[in-house]
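Colleague: Got a structure for you, written out below as C-alpha cells; questions coming shortly.
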Amino acid sequence: MWLNVTSMKMIILGAGNIGLVTALCFAEKGHEVYCVDNNQSKVNNLNLGVSSIYEPGLEPLLKKHLSEKRIHFTTELSEFIEQSDVVVVAVGTPNSPSGEIDLQHVNAAVSQIASLSTKPKTVILRSTVPPGTNQSLSLKFPKINFISSPEFLREGSAVHDGLHPERLIVGSNKTEHLKLFQEMYQNFEITPSQIIQMDPASAELSKYAANIFLATRISLINEFSRICEKTGANIQQIKKAIGMDSRIGSEFLNAGIGYGGSCFPKDIDALISFAASLSEKLNIVQATKETNKSQVCIFAEKIKVRFKDSASKNLALWGASFKPETDDLREAPSLKLISFLCSAGFNLNIYDPKATTALSELFKNNSQIKISTTAQLAVTKADALVIVTEWSEFGSFDMTQLKSSLKNSIVFDGRNQLDPQKMKQLGFEYYSVGRPS
C-alpha cells in the first residue's frame, strides 16, 4: 500500500453493473466520483439511493456516499469533464446478432469526451473490448491518453472484488500511467506487485482469456459428469481428485446445468467472431460453447423422460438468476430450461430470492408460468422440485417440510446442492448431475 493518499476527481461513464460498482469502490477509498449515464430514470433513482441492480453490499455504500456527497449521478458529462483528473469508460459492449462485439457505446463515449475536453485527457477503458481497440482509438483521438484496464469483478461479490482486487492491469507502455494507477489505488488493500503493466493489446485480450478459460473448465467438468452418469462414477469424487492437483485447483469444477450471465457467453461469441476476422478458428472455445448449450438440454430431458407418462406436470423451480447473489437473468440457463419445459407441456411455479420482479415482467403473458414470493409457496402441491440456482436458502431448507409439501417426493438438483444420501434416507426420488441417483 502507498501512503499520503491523494483524492482525485474521477468520472465513470456508465452506471451499469461494472460502472456503478467501480464508482462506489473509488468513492469508498477517498475519491470524489461523478457517475454519468444517459438513462435519466436510472440516474434519478440512484440519486435517491435506489439501485437498478442487486449486488451484496452495494446499496449501503450508495446511501453512505450520497450522504457524504462523495458520489454524484448525472446525465451531463459536460458539467464535470474539465475538472476531472481521469475518465473511466465502463459502458456496455453487447454482441451483434452475428456474435461480433458492438463498440458503438464505447466510440460514442470517447467521441463525447474528445468533443467536450479543451485539454488532453486520460481515459481508462474498463469496458470489455477486443485487442486493438486502444490502438485504433489512439489513432483517431490523438489528444486522449488511453489506458486499457479490464475489470475482473464477479457478479455476486463485485463490491468485495472492487475493494480487494486480486490484480490490476495497466494496458499502456507509458511509465506515467503506472504511476497514475499507483495514485488511484493507493488507499486500496493492494501491493505494488499486484499492479501489472503490459501492452494494451495484451491487456484487452487478458479479459477474454480469463473468462473463456473459466468457462472451459465448467464445460469440461460437465462433460465428465455425463460419463459419470453412464458408468456409475461420482463427479464429486472426480472433482476432489483433480482439484487437489496443484496444477489444476478446485475452482470452477462444479458440475451443473451450465454457465450463464453477461460475461462468459458474450465473450466467447465475441472472441470466436474476432478470431474469424483473423482467419483463425478457435476449436476448443467453440467446443466450450457447444457443450454448455447441450448441458441444460440433457438435464431437461431427464425431467421430460421421468414425466412422460404423467397426467400432471406441475413443477416448482427454485432459482432463476444465472448464479446466486445476483438478480441477473442474462443468458441464465434457467431461461433455456423454462423454454424447454414449457414446450414439453409442463406448468412451472418459479421462485428466486432476488429476480422476482424481472421474472414477473418476463413471463407476464405466459399462462404456464407462475411466480412465487417464497420457496415454500413454489413447492406446495407441486409434482416435483427442480433446483436451478444454488441459493444458500435452498440448501438449508427443511427437507422434511419439503417432502410433505410436494405431491411426489421428486427432486431434480441441477446444481448438486443437496446430499444424495440424506435425500435417499428421507425417501426422495433424487436426481443430480454426474452423481449416482
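No value in this document is a laboratory result; all are computed from the given coordinates. Here the structure is a predicted model, which means the values were calculated and not measured. No Cβ is skipped: glycine too gets one built from the backbone with ideal geometry, and neighbour counts run over all protein chains shown.
Colleague: With no solvent and one point per C-alpha, what does the Debye sum give as log10 I(q)/I(0) for the range 332-415 at q = 0.21, 0.22 Å⁻¹?
Modeller: -1.09, -1.20
Colleague: Mind jotting down the three principal axis lengths of the range 241-336 based on Cα atoms? Whole angstrom, largest first.
Modeller: In descending order, the Cα extents are 53, 36, 28 Å.
Colleague: If R₀ is 41 angstrom, what is the calculated FRET efficiency for the pair Glu59 and Asp309, using the beta carbon separation as r and rounding to 0.05?
Modeller: 0.25
Colleague: Could the peptides 7-13, 315-321, 276-282, 258-264 be put in order, highest first, of the mean number of other beta-carbon atoms found within 10 Å of their residues?
Modeller: 315-321, 258-264, 7-13, 276-282
Colleague: Can you work out the FRET efficiency for the pair Lys179 and Lys69, with r the C-beta to C-beta distance and R0 = 30 Å, to the nearest 0.05?
Modeller: Computed FRET efficiency for Lys179 and Lys69: 0.60.
Colleague: Now, a different point. Angle check, please: helix 283-306 long axis (alpha carbons) against the longest principal axis of the chain (alpha carbons), in degrees 0 to 90, nearest 10.
Modeller: Taking the Cα atoms of the chain, the angle to 283-306 is about 30 degrees.
Colleague: Compute the semi-axes of the equivalent ellipsoid of the range 106-248, taking the square root of 5 times each eigenvalue of the Cα gyration tensor, and list them largest first in whole Å.
Modeller: Working from the Cα gyration tensor, I get semi-axes of 39, 18, 13 Å.
Colleague: So for each of 226-233, 84-91 I average, over its residues, the number of other beta carbons within 10 Å; can you give me the resulting order with the highest mean first?
Modeller: 84-91, 226-233
Colleague: Same structure, new question: Taking 10 °C and 1.306 mPa s as the conditions, I'd like the Stokes-Einstein D for the range 211-431 in µm²/s, using the Kirkwood hydrodynamic radius from alpha carbon pairs.
Modeller: Diffusion coefficient, whole number: 87 µm²/s.
Colleague: Then there is this: Could you state the principal axis extents of the C-alpha atoms in the chain, from the largest down, to the nearest angstrom?
Modeller: 72, 47, 41
Colleague: Among DSSP beta bridges whose residues both lie in the range 35-146, state the antiparallel percentage, nearest 5.
Modeller: 10 percent
Colleague: Using the beta-carbon distance between Thr400 and Asn39 and R0 = 35 Å, what value does 1/(1 + (r/R0)^6) give for FRET efficiency, to the nearest 0.05?
Modeller: 0.15
Colleague: Where both partners of a DSSP beta bridge lie in the chain, what percent of those bridges are antiparallel, to the nearest 5?
Modeller: In the chain, approximately 5 percent of DSSP beta bridges are antiparallel ones.
Colleague: For a label point 7 Å from the Cα of Glu79 along Cα→C-beta, name the residues of the range 21-45 whose backbone N is under 14 Å from it.
Modeller: Those under the cut-off are 33-45.
Colleague: Ok, one more. Taking H placed 1.01 Å from N in the peptide plane, check which residues at least 5 places from Ala382 or on another chain put their amide H under 5 Å from its amide H.
Modeller: Here the answer is Lys407, since their amide H atoms fall under 5 Å of that of Ala382.
Colleague: Step by step: find N for the range 9-192, compute 2.2 N^0.38 Å, then divide the Cα radius of gyration by it. What's the final number?
Modeller: Working it through for the range 9-192, the quotient is 0.97.
Colleague: Give me log10 I(q)/I(0) at q = 0.20, 0.25 Å⁻¹ for the range 1-95, Debye formula, one equal scatterer per alpha-carbon, no solvent.
Modeller: For the range 1-95, the Cα-only Debye profile gives -0.93, -1.41.
Colleague: What is the gain in length, in nm to one decimal, between Ser193 and Ala344 on full extension, counting 0.36 nm per residue of separation less the C-alpha to C-alpha distance?
Modeller: 48.9 nm
Colleague: Right, something else. Please determine, in degrees from 0 to 90 and to the nearest 10, the orientation of helix 58-67 with respect to the longest principal axis defined by the Cα atoms of the chain, where the helix direction is its Cα long axis.
Modeller: Taking Cα atoms only, the helix is inclined about 30 degrees.
Colleague: I would also like to ask the following. Evaluated at 25 °C with a viscosity of 0.890 mPa s, what Stokes-Einstein diffusion coefficient in µm²/s does the range 86-143 have when Rh comes from the Kirkwood expression over alpha-carbon pairs?
Modeller: The calculation lands on 204 µm²/s.
Colleague: Something else now. Using only Cα atoms, tell me the angle between helix 264-277 and the longest principal axis of the chain; keep it within 0 to 90° and round to the nearest 10.
Modeller: 60 degrees
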